[in-house]
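First up is the structure itself, then whatever we jot down about it.
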Amino acid sequence: MIIRHRLRKAFRPRPGLPGRGAQRTPRASDIILVMTAGLLVILCAIRILQG
């Protein structure tokens, strides 16, 4: 029953999103989180390479 509800919800386009269907648009907070994680990885790699 839960699976059927999720499938119906996934294929029904949300109002206010013309032509995009059920695709999720990235939020600004998601983008900031990914950029911060990437920056942390780069800083760690630089510190490891410098010794």
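Please treat every number below as a calculation from the coordinates, not as lab data. Note that the structure is predicted; figures quoted are calculated from it, not measured.
Here are some notes:
- Backbone geometry of segment 40-45 corresponds, through the Karplus equation with coefficients 6.51, -1.76 and 1.60 at θ = phi - 60°, to 3J(HN,Hα) couplings of 5, 5, 5, 5, 5, 5 Hz, x marking Gly and Pro.
- If the chain linking residue 41 and residue 29 were pulled fully straight, counting 0.36 nm for each residue of separation and taking away their Cα-Cα distance, it would gain 2.5 nm.
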